[in-house]
Structure formats: C-alpha cells, structure tokens
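Contents: one structure, followed by commentary.
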Amino acid sequence: MNLFESLGRKALFTLDPETAHGLSITALKTGMVPACPVKRDPALGVTLAGLDFPNPLGLAAGYDKNAEVPDAALKLGFGFAEIGTITPRPQSGNPKPRIFRLVKDEGVINRLGFNNEGHAAALARLEARRGRPGIVGVNIGANKDSEDFAADYEKGIETFAHLADYFTANISSPNTPGLRNLQAGEALARLLDRIFVRLASQERQPPVFLKVAPDVTNAEIEEIARVAGAAPLSALIVSNTTLSRAGLRNKALSGEAGGLSGKPLFDRATIVLARFRQALPAAMPIIGVGGIDSAETAWAKLEAGASLLQLYSSMIYHGPSLPARLVNGLSDRLASDGASTISAVTGRRTAEWAERKLPEETA
C-alpha cells in the first residue's frame, strides 16, 4: 500500500464502514482512483465457460451491488467483475449499523441483507455500458419477503440474460432468512431445474455459476456436489461469508450477527474449496473466494483447486492498488515456478488442503 492509500485508509476508518463504502464507490465513479496497470502476461489467461479471462482475479459480488462501477473496477487490474447481489425489487436491507470492521483481524462482519436498488436500476446501468470490453457477471438473489425464492432467480435470468457475461446464483448469504436452505439436496435440484428451464427460453444463454457457503459439513459437500455435478452449471463459487467466529482476536465485535469475510475466512474457505474439488466432477471448475489478500494467498487458493479467484474485503485493508499488485505478483510467481500457465497451478495441493482441520477444530 502506498502513502496515498495509507492516508486514505486512515481517513476512511474515521467513518462508519457503510459511509466509507459509499465514498469509495463515488471515488471510482468520478475517476479519483487512478487505473492500476497490470502486466500483460498471456500465461495468466484462463478460459472458463467459454469466456476468456485475461487474468484469474475477479471482483467479488457485494462491492458493486448496483452495477455502478464495473468498468472502473476492471481498471484496477481485475480480470473480471461481478455486480450484485441484485433482487427483483429494491430493498433497504437490515437495520443499521450492519457492517463492522475487525481491524486486528483484517476481517469484516456484515448483515446487510441484500440491500440494493433492484433489477430495473442495475439493468439501466448495464444497458448503458453495452459494448464495452471486460467480463461482467451478474449475481442474482431473492427478495427477503418473496413467497417464492426460485421465482426471483428466474426473474433475474429473464432480466439480464441478454447482457450478463455470466450469472451467479447466490444461495449462500447468511443474512436472508431461509436462503441457505436452498443448498439442501432436493431444494437445490428444484431451484437449478427452474433456473435452467428459464434460461433455455432465452435467446441468449450465459453460463451459470452457483455460490455456496463455507459452513457446510462433509456430508453436505457431497450432497451439493452430487446435485451441482448433475446440473448444467459452469462453475461453483466457494465461498460466501461464514457464521463461524473461530480464532478472532477482536472479541468486542465477534458477537455481532452476520457473515464474516476477510483474512479470518481464508483457511476455512480454502479447506472447504479443496473438499468440494475432491467431491465435484473433474470437469467442473471452482472459483475461490475468501481471505485472499496477497499473491501468496491467491497462489495457495489456486493450488487448493481454484481455477479463478475473487476478492473484495481485503481491499478495505490493503487499498485499491491490491488487485494489480496481486496480479503482477502472480505473474512473477508463475515465472519463478516454471509453470507454463496459471491453470497448471490449479489443484496441485488439493489433497493437502482437504485434509486440514477447520479453524474451530484446531482451537
């Protein structure tokens, strides 16, 4: 992190996290955050689901909820950006305060509850950027008060199929009551069936990814993998935030309800990723999310079984230049490692990661 970013972090940390987040969106909108060049290294390219990613690092959903700054985010060095989670109708989310910085842990707890402006607002912005370069995915979810969660995912498919480079069906947020129940075997099978039936009726049919939680047992991993492997999904995203508080140093805030992200999530998310890698068909790729804050942690996530990566929370602590620094670091690491492509790193240490104990098991 450079001096400017260090001073900016100190200033932002004097504000409550949600206000700071809004200012960061404004800074990207207005061009106050400069573009961060990355090395043009063909070896970092990844082809997945028919899409050619210039590098494996993406912006995770949750930052640009309303499709306000996908192009500005791509200029930070990301190989792709995911907007959302977007629900059919606007919703304000849970009562404030609902984001908490755990500075000692470099973590974040949030219980936002899918606050967003709804399909119409995001659609207008994505229509306005149509034709611009860069891979932009659309993360779709359900309104909290919906009587039929699956119908909300179907609406997302209908609304954005002509624009999205890919979809992510987010069934793993801990902040919408009942949402994670969709991960159960039969419920998941029914949801995916409805999503793909609706997708088949669209003129354009982008690939669909599924985002799952890290708070799953080995039996649940096997069940989800069985259902996901039988569906025409193009990738699994592992993982969303965790309800676990194992190993946190910030005891004052660890009791806050919500999902934990950032550095404390890394081990859990990476272990669960490796276990999913073992359980899934070899042909189904995994996108690794959770605790990536350096080229070293990105490399480890790839070795555990990820084909692509995403981050968000670590930029709160390491600044907007982190994506470019991380991508350049991966390029350097790849050169020193001798691997011909970044994809050759995927899964090198899956078995080792899968055998590790979860954080609460080692406490």
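Taking region 16-70 as the region of interest, how many residues are in contact with a strand residue (DSSP E or B) (Cβ under 7 Å, 6 or more places away or on another chain) and among the hydroxyl-bearing types (S, T, Y)?
0
Name the one entry in G93, G107, G131 that is surrounded by fewer than 16 Cβ atoms within 10 Å (Cβ to Cβ) and over 14 Å from the mean Cα position of the chain (by Cα).
Working: G93 fails: surrounded by fewer than 16 Cβ atoms within 10 Å (Cβ to Cβ); G107 fails: surrounded by fewer than 16 Cβ atoms within 10 Å (Cβ to Cβ).
Step by step, each of G93, G107, G131 is checked, and only G131 is surrounded by fewer than 16 Cβ atoms within 10 Å (Cβ to Cβ) and over 14 Å from the mean Cα position of the chain (by Cα).
Quick one: which residue in L334, L322 is under 19 Å from P37 (Cα atoms), at pLDDT 95 or above, among the aliphatic types (A, V, I, L, M) and more than 17 Å from the chain's Cα centre (by Cα)?
Details: L322 fails: more than 17 Å from the chain's Cα centre (by Cα).
Exactly one residue qualifies, and that residue is L334.
How about region 147-182: which of its residues are of a type in the set (S, T, N, Q) and surrounded by fewer than 19 Cβ atoms within 10 Å (Cβ to Cβ)? Full working, then the answer.
Here is the first cut: in region 147-182, the residues of a type in the set (S, T, N, Q) are 159, 168, 170, 172-173, 175-176, 181.
Correct list: N181 only.
Tell me which of these G141 doesn't satisfy, since it passes every other one: (1) surrounded by fewer than 16 Cβ atoms within 10 Å (Cβ to Cβ); (2) small (G, A, S); (3) within 25 Å of S261 (Cβ to Cβ); (4) modelled with pLDDT of 95 or more.
In the conditions (1) surrounded by fewer than 16 Cβ atoms within 10 Å (Cβ to Cβ); (2) small (G, A, S); (3) within 25 Å of S261 (Cβ to Cβ); (4) modelled with pLDDT of 95 or more, G141 misses (1) alone.
Under the condition of being among the basic types (K, R) and in contact (Cβ under 8 Å) with a residue 24 or more places away in the chain, which residue from region 219-250 is surrounded by the fewest Cβ atoms within 10 Å (Cβ to Cβ)?
Going residue by residue through region 219-250, those that are among the basic types (K, R) are 226, 245, 249.
With the extra rule that they be in contact (Cβ under 8 Å) with a residue 24 or more places away in the chain, the set shrinks to 226, 249.
Values: R226: 15, R249: 11.
Of everything passing the filter in region 219-250, R249 is surrounded by the fewest Cβ atoms within 10 Å (Cβ to Cβ).
Is it the case that region 343-353 has a residue that's under 30 Å from H21 (Cα atoms), polar (S, T, N, Q) and part of a loop (DSSP other than H, G, I, E, B)?
Checked against the condition, which is being under 30 Å from H21 (Cα atoms), polar (S, T, N, Q) and part of a loop (DSSP other than H, G, I, E, B), region 343-353 yields no hits at all.
Would you be able to say whether some residue in region 296-306 is surrounded by fewer than 19 Cβ atoms within 10 Å (Cβ to Cβ), over 15 Å from the mean Cα position of the chain (by Cα) and either assigned to a loop (DSSP other than H, G, I, E, B) or of a type in the set (V, I, T) (or both)?
Scanning region 296-306 turns up no residue that is surrounded by fewer than 19 Cβ atoms within 10 Å (Cβ to Cβ), over 15 Å from the mean Cα position of the chain (by Cα) and either assigned to a loop (DSSP other than H, G, I, E, B) or of a type in the set (V, I, T) (or both).
Starting from region 257-271, take each residue that is in a helix (DSSP H, G or I) and list its partners that are basic (K, R), counting only C-beta distances under 7 angstrom and pairs at least six apart or across chains.
T270/K301; I271/R356
Could you give every pair whose Cβ atoms fall below 8 Å, whose first residue belongs to region 296-321 and is within 19 Å of E82 (Cα to Cα), and whose second residue is in a strand (DSSP E or B) and aromatic (F, W, Y), counting only separations of at least 6 or pairs across chains?
L308/F53; L308/F80
Conditions first: (1) free of Cβ contacts under 8 Å to residues at least 40 places away in the same chain; (2) over 24 Å from F78 (Cα atoms); (3) in a loop (DSSP other than H, G, I, E, B). R356 passes all but one, so which condition is the exception?
Answer for R356: the failing condition is (1).
The values are calculated or read from the model by the stated rules, or taken from the named source; none is laboratory data. If you're wondering where the values come from, they're calculated on a predicted model, not measured in any experiment. Reconstructed Cβ throughout: ideal geometry from the backbone, glycine too, with neighbour counts over all protein chains shown.
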